[in-house]
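*Asks:* This is the structure I want to talk about, given as structure tokens.
The values are calculated or read from the model by the stated rules, or taken from the named source; none is laboratory data. None of these values were measured; they are calculated from a predicted model. Cβ placement follows ideal geometry from the backbone for every residue including glycine, while neighbour counts extend to all protein chains displayed. These area figures cover heavy atoms from the full protein model, side chains too; ligands, DNA and RNA do not enter into them. Shrake-Rupley method; radii C 1.70, N 1.55, O 1.52, S 1.80 Å.
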Amino acid sequence: MQFFKKNSVKNLCLLGLMGSGKSVIGKELGKLHNIDFLDTDHIIEEETGKKIAFIFKNYGELYFRGIEERICLKLLERRNCVIALGGGSIVSRKVRELINKNSFSIYLKVDIKTLVDRIQNTRKRPLLNNVDRNEVLGRLYEQRKKFYNKANLIVENNFEKQEIVHKINSVIEKL
């Protein structure tokens with residue numbers, strides 16, 4: 001990909017709340033540029049042999065965040081990849097520093113109502129089980145927005161995926 005040759009960054013990194021489309025958009029960007037797509041949530045489940053919901057339920061969020069940070073730091077050292085980071089990984093100072101050093105970051109911004117609609121039928125989101133999803137997503141957004149908003153590119157992801165991929169691609173090809 002010409003982008004990596006012209007710039008000193010190693011990767012494209014997708015940030016955003018759960019349900020923001022990091023995996024969907026990331027897969028498309030990876031295909032478009034014929035580079036690896038890495039999903040930290042998927043890799044956590046692969047490496048631990050456990051579903052994220054199971055880890056949360058049996059070991060707690062703090063334990064999960066430790067695994068997440070370790071895996072994110074390892075992936076962010078790779079080259080020529082599109083990486084979809086877990087929504088909460090951005091809270092880690094070490095992860096943020098490595099994103100800033102090695103990646104072009106893209107925040108997929110989605111309004112809370114759309115997020116709730118997108119994830120209404122899933123049980124795979126441990127932070128959203130048996131709670132008011134609007135309230136929890138709103139709180140998570142408030143806690144994380146200062147980090148998300150420092151991304152190199154902010155894209156409203158309330159549209160069709162091909163439109164979003166085209167918008168991102170048109171920006172990174174000019175860099």
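*Asks:* What's the number of the only condition in (1) more than 26 Å from GLY138 (Cβ to Cβ); (2) assigned to a strand (DSSP E or B) that TYR107 fails to meet?
*Replies:* (1)
*Asks:* Here is a list: ASN58, ASN11. Which entry is among the polar types (S, T, N, Q) and farther than 24 Å from GLU156 by Cα?
*Replies:* Details: ASN11 fails: farther than 24 Å from GLU156 by Cα.
After ruling out the rest, the residue left standing is ASN58.
*Asks:* Can you tell me how many residues in region 71-94 are open to solvent by 90 Å² or more (accessible area, probe 1.4 Å) and either in contact with an Asp or Glu (Cβ under 9 Å, 6 or more places away or on another chain) or small (Gly, Ala, Ser) (or both)?
*Replies:* The number of residues fulfilling the criteria is 2.
*Asks:* Moving on to the next point. Out of ASN169, ASN157, report the one residue that is within 15 Å of GLU28 (Cα to Cα) and modelled with pLDDT under 90.
*Replies:* Going through ASN169, ASN157 in turn, the sole match is ASN157.
*Asks:* Okay, moving on. With respect to the numbered conditions (1) more than 21 Å from LEU175 (Cα to Cα); (2) β-branched (Val, Ile, Thr); (3) under 15 Å from the mean Cα position of the chain (by Cα), which one is the sole condition not fulfilled by ILE67?
*Replies:* (3) is the only condition that ILE67 fails.
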